[in-house]
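What follows is a set of notes on a single structure, which appears directly below.
The values are calculated or read from the model by the stated rules, or taken from the named source; none is laboratory data. Since the model is a prediction, treat every value here as computed from it, not as a measurement. Virtual Cβ from ideal backbone geometry, glycine too; neighbours counted across all protein chains shown.
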Amino acid sequence: MTPIDTLDARIILALDDDPDATILALSRTLGVARNTVHARLRHLAEDGALKPFSQRLDLRALGYELVAFMSLSVSQTDPGIVAGLLEVPEVISAHYTTGDADILVQVVAKNTRDLHRITNAILGVDGVTRTSTAISLDEAIPYRPHALLRVAAGSWPRPARSEARP
């Protein structure tokens, strides 16, 4: 994946400000050629830097009010664990981890009864030996690439530097 440069970051930030902006409007806002904006967006999409539109969806709109994180202990010899987790639609992300858990899985559920069903489905995946679940009470900091894009665009506030140095 090609790293995002300053112009790419500015284009994405402009789309954050106005998701319905046309390429022409973006080019005028950013002061760059329309073809440049179009080529940059196409390259970002083809390179995989831009994720599918569905990843912007708030899953509460589908009735999934509960978010939980499950630490899975797995049999290291079973290659089908990820495929098995993909069969559970409420699994929205999974990461291999270090520490006590082998895989950290984020799931959504409609309520605690639904979470119990999902937990049993995950325990039914070949190779999953144990789960430990933490229910999210509230999202303290949502996914926020905006701050990193501002750093990449050179527009993140920098702390004031003291003139006096020790």
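If the condition is being of a type in the set (Val, Ile, Thr), crowded, with 16+ Cβ neighbours inside 10 Å and part of a loop (DSSP other than H, G, I, E, B), then segment 118-162 contributes only VAL125.
A quick yes/no check of all residues on (1) part of a helix (DSSP H, G or I); (2) closer than 21 Å to ASP114 by Cα; (3) at pLDDT 95 or above; (4) touching a Pro at 6+ places or on another chain (Cβ under 8 Å):
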site: ASP8; (1), (2), (3), (4): yes, no, yes, no
site: ASP16; (1), (2), (3), (4): yes, no, no, no
site: LEU26; (1), (2), (3), (4): yes, no, yes, no
site: TYR64; (1), (2), (3), (4): no, yes, yes, no
site: MET70; (1), (2), (3), (4): no, yes, yes, no
site: ILE92; (1), (2), (3), (4): no, yes, yes, no
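Does ALA101 meet the test of being assigned to a loop (DSSP other than H, G, I, E, B) and surrounded by 11 or more Cβ atoms within 10 Å (Cβ to Cβ)? Here the answer is yes, as ALA101 does meet what is asked.
Taking the conditions exactly as written (at pLDDT 95 or above, outside any strand (DSSP E or B) and either of a type in the set (Phe, Trp, Tyr) or outside the structural domain of ARG10 (by TED's automatic domain parsing) (or both)), does LEU115 satisfy them or not?
Numbers: at pLDDT 95 or above: yes; outside any strand (DSSP E or B): yes; either of a type in the set (Phe, Trp, Tyr) or outside the structural domain of ARG10 (by TED's automatic domain parsing) (or both): yes.
Answer is yes for this residue.
The condition (being within 21 Å of the chain's Cα centre (by Cα) and surrounded by 15 or more Cβ atoms within 10 Å (Cβ to Cβ)) is satisfied by just one residue among SER71, SER54: SER71. Restricting attention to segment 105-112, does a residue exist that is assigned to a helix (DSSP H, G or I) and farther than 30 Å from ASP5 by Cβ? Scanning segment 105-112 turns up at least one residue that is assigned to a helix (DSSP H, G or I) and farther than 30 Å from ASP5 by Cβ. When ARG28 is tested against (1) over 12 Å from ALA153 (Cβ atoms); (2) touching a residue at least 60 places away in the same chain (Cβ under 8 Å), just one condition goes unmet, and that condition is (2).
Filtering segment 28-49 to residues that are within 18 Å of LEU148 (Cα to Cα) and part of a loop (DSSP other than H, G, I, E, B) leaves GLY48, ALA49. Picking from residues in segment 94-112 that are under 21 Å from the mean Cα position of the chain (by Cα) and among the small types (Gly, Ala, Ser), the one that is modelled with the lowest pLDDT is ALA101.
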